[in-house]
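Everything below concerns the one structure shown next.
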Amino acid sequence: MHILITGLLIAMTLFSAASSDAGQAEVDALIDSQDPALRTSLTDYIKLQAMQLPVRPPAPRSVEEWEARRKVIRGKFLESLGLSPMPPKTPLNARNMGTLDRDGYTVEKIVFESRPGFLVTGNLYIPKGLKAPAPAVLVVHGHAIDAKAAHYQYVHVGLAKQGYVSLAIDGVGFGEREPVGHRSQAMPYLVGQCIVGLELWDNIRSLDYLCTRPEVDKTKLGITGCSGGGLQSAYMIAVDDRIKCAVPVDFTATYRAFIGTGIVHCICNHVPNVMRYADLADVMAIYAPRPLRIIAGEFDNLFPWNSARQVYEEVREIYALYGKEGNVSFFVDDTPHGYEPDKRVSAFEWFNTWFKGDPHAVHPDVTLETRETLACYPDGKLPEGCETVSTLAWKQMVKAGNARAREKLSSDELRKAVVDDLFGGFPGRCPIDARNRGKAESERLTVEKVTFKGEVHMPIPALVLTPKDGGKTHPAVIYVDPLGKSHAARSERVKALLDMGYTVIAPDLRGFGETYDPRASGQGDPEFLWVTDSILMGRHLFGMRVFDVTRCIDYLESRPDIDKSGIGVCGEGIGGLLAVFSAALDGRLRWVSASGMVGSMTPEREWLSGPFPWGPLPGKYDKLPMCAFVPNLLRYADVKDIVSLAADRPVMIERPVNGLGQELGEAQVNRLFGGLPGDIMIARSDSSAESWLKARRGD
């Protein structure tokens, strides 16, 4: 490995708009041209893929056939959640932080640890005058800032006044647990975890806590929740057999319908890779034949009620195998999204039917408590030093790094794991179908705008820039710029490459440049919708873009003016990481250069500080776009391991950075990339980088 440190910047003027260059205006116009039809291409493609996946197998014909399928689905689902194997059930260390005395019930303020140092704050509603252990219901909230103090109090008090013990907890990142982190927390994905998996483990430990209480009948545990709480309810019944009655509200919909709405949902809604093997009905049917009522709102625009009915009908087919169709029910209310009064009464009736043998239910008057009254801690916040989503993920990253060192995969095994397990496989190569969309010339170069197919229904627009140097063929560079091909065409690096005699193809990989759709933006990231939907489908956006780079190679090899033995790839920022992955997986790339690329997806421990560790997206690792957080990546490889797959060819890493966008020092570079075999250069300046690129031109 070579480290060159110099300080010169080569200023290139190939694209200067000199008045003597009569063709420059036409070149600029072509570079800036836009096709509105391309803007929605990725959004439309993801919706189309969602309509095609999963291809559900025929309904099972017997209980035995279903039980065998159920076991497989449950195993894969637990793995997707990051709950396989289940974490150890460590001591809860539960404590009472105070009690409220109310008419007909009491409210205990409780705190326990679902994992060591991972505090859960909650309220336990207990009916007065219990003469025997009572049924208990875990009521989980959705995206309510006030969490346990939100409008779900109507459900808790309603249950308590009908003789139920009811537990409310602050979900991950809400209420008193806000500093723990929730929205857009992508870090857990890297180590095979996810926010909903953390939530479900909190819920499992909540049931453990209920089972410690003498007031609770441990044989009669139920769960309900709305929206994000409906999600947790629907998934809890698949992972915890202690639940004997369930009422998920305003979440149930097929995954196809969920993606088809085009609505930006919170990251907690996206279980990695679940659509590779199941739809929601398959997951919920794991619970059969125990009592289940699905509740939907007729005017719910987030989870369409007709799709909820479809899930119900598919789940009911499984119940029919057991002869228990009456154990599953569907209720739709003429209301929008939310746990409205008639929905609450319907839930009470369902619990009463199965836990008391009498469906009659009432909706009592409820006086809502304030957030301050229900708080477990005086200031309504967790004490400092508690575990967070980020610190839990970081500890798993360290374990993953140690495991990789112990169980090192061969190069072929790692490549296969990246493509199949991380990216969800690459599609078959369709005809390239290249089309010329325009051509312009200046005194110094020729610019072509072309499109070709990455996949069927997924065009790649690109600019092909060729220097006028008299050569019949040129070596080529694929230049991956996340700001798009127009930005690339005017960059100093592309100017330098053209001056060296390279043909440069600057593609808009799907979602870049001309193919960017503003509707994908959400929760602090411009690609949030695409990333989260691709995670749910199990074909990650990052992997799709790597495949697009390989299609650029296919296109270049179809051109007679390209030296096919001299194709390299350059990338900036996240484009550099895409370039390295592409070279690692496709041996046709003769060299790779990555500028401003993150040196490791495992952050430094000292970065985990402050009241909101790593911030809202995806924390203080905030100079990385969300598409970099590929589920399970660090179980297989960090950046160094991917670089090593390309190290049989020249590799340049120019000015590597950390997740904060800060350039790495020499000691950090040596720690991260030291010991790699092959021709690896770490360039710390433009001049040293361009000298390296010139040398590739002469190879």
Given 0.36 nm per residue, what is the gain on full extension from residue 398 to residue 29 after removing their alpha carbon distance, in nm? 127.8 nm
Amide H within-cut-off set for residue 474, under 5 Å, with H built and near neighbours excluded: 562, 563
Straight distance only, please: which lysines reach the Cα of residue 395 with their own Cα at less than 27 Å, same-chain residues fewer than 8 apart left out? 76, 89, 381, 408, 416, 620, 623, 640
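Once you charge only the Cβ atoms, +1 for Lys and Arg and -1 for Asp and Glu, what is the size of the charge dipole of the chain about its Cα centre, to the nearest 20 debye?
1500 debye
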How much length, in nm to one decimal, is gained on full extension between residue 363 and residue 40, taken as 0.36 nm per residue of separation minus their Cα-Cα distance? 111.6 nm
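How much length, in nm to one decimal, is gained on full extension between residue 640 and residue 421, taken as 0.36 nm per residue of separation minus their Cα-Cα distance? Provide the component values of the computation, followed by the final result.
Values: separation 219, 0.36 × 219 = 78.84 nm, distance 1.88 nm.
Stretched fully, the residue 640-residue 421 segment lengthens by 77.0 nm.
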If 344, 671 are ordered by their accessible area, calculated over protein heavy atoms with a 1.4 Å probe, which sequence runs from highest to lowest? 671, 344
Measure of exposure for residue 481: accessible area at 1.4 Å probe, Å² rounded to 10, is 10 Å²
Leading residue at positive end of dipole, the stretch 148-266 (Cβ point charges), from 153, 192, 181: 153
Quick check on the chain: helices-only [θ] at 222 nm, where DSSP H runs of length 4 and up contribute -39,500 (n - 2.57) each and the sum goes over total residues. Nearest 500, please. -10000 deg cm²/dmol
Distance in Å, no decimals, from the C-alpha centre of the stretch 100-140 to the one of the stretch 69-93 is 25 Å
Measure of exposure for residue 161: accessible area at 1.4 Å probe, Å² rounded to 10, is 90 Å²
Checked against the positive end of the charge dipole of the chain (+1 on Cβ of Lys and Arg, -1 on Cβ of Asp and Glu, about the Cα centre), the farthest of 339, 473, 123 is 123
With +1 on the Cβ of every Lys and Arg and -1 on the Cβ of every Asp and Glu, the dipole magnitude of the stretch 436-572 about its Cα centre, in debye rounded to the nearest 20, is 240 debye
Around residue 427 (Cβ within 12 Å, Cβ-to-Cβ, excluding residue 427; K/R +1, D/E -1) the net charge comes to +2
Using a Cα-Cα cut-off of under 13 Å, which aspartates and glutamates could be cross-linked to residue 485, ignoring same-chain neighbours fewer than 8 residues away? 28, 32, 448, 508, 514, 572
Separation between the residue 521 and residue 457 pseudo-spin-labels, each 7 Å from Cα along Cα→Cβ, expressed in nm? 2.7 nm
For residue 356, counting only lysines whose alpha-carbon sits under 21 Å away and dropping same-chain residues fewer than eight positions off, the answer is 128, 131, 161, 218, 220, 244, 324, 343
Measure out, as a whole number of angstrom, how far apart the alpha-carbon centroids of the stretch 571-607 and the stretch 432-461 sit. 26 Å
Which percent, to the nearest 5, of DSSP beta bridges fully inside the chain are antiparallel? 45 percent
Modelling each spin label as a point 7 Å along the Cα-to-Cβ direction, I'd like the residue 345/residue 662 distance in nm, to one decimal. 6.0 nm
Using protein chains only and a probe of 1.4 angstrom, how many square angstrom of residue 381 are accessible, to the nearest 10? 120 Å²
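The values are calculated or read from the model by the stated rules, or taken from the named source; none is laboratory data. What you see is a predicted model; the values in this text were computed from it and never measured. Cβ coordinates were reconstructed from backbone atoms using ideal geometry, including for glycine residues, and neighbour counts include every protein chain displayed. The accessibility values were calculated without ligands, DNA or RNA, using every heavy atom of the protein model including side chains. Shrake-Rupley method; radii C 1.70, N 1.55, O 1.52, S 1.80 Å.
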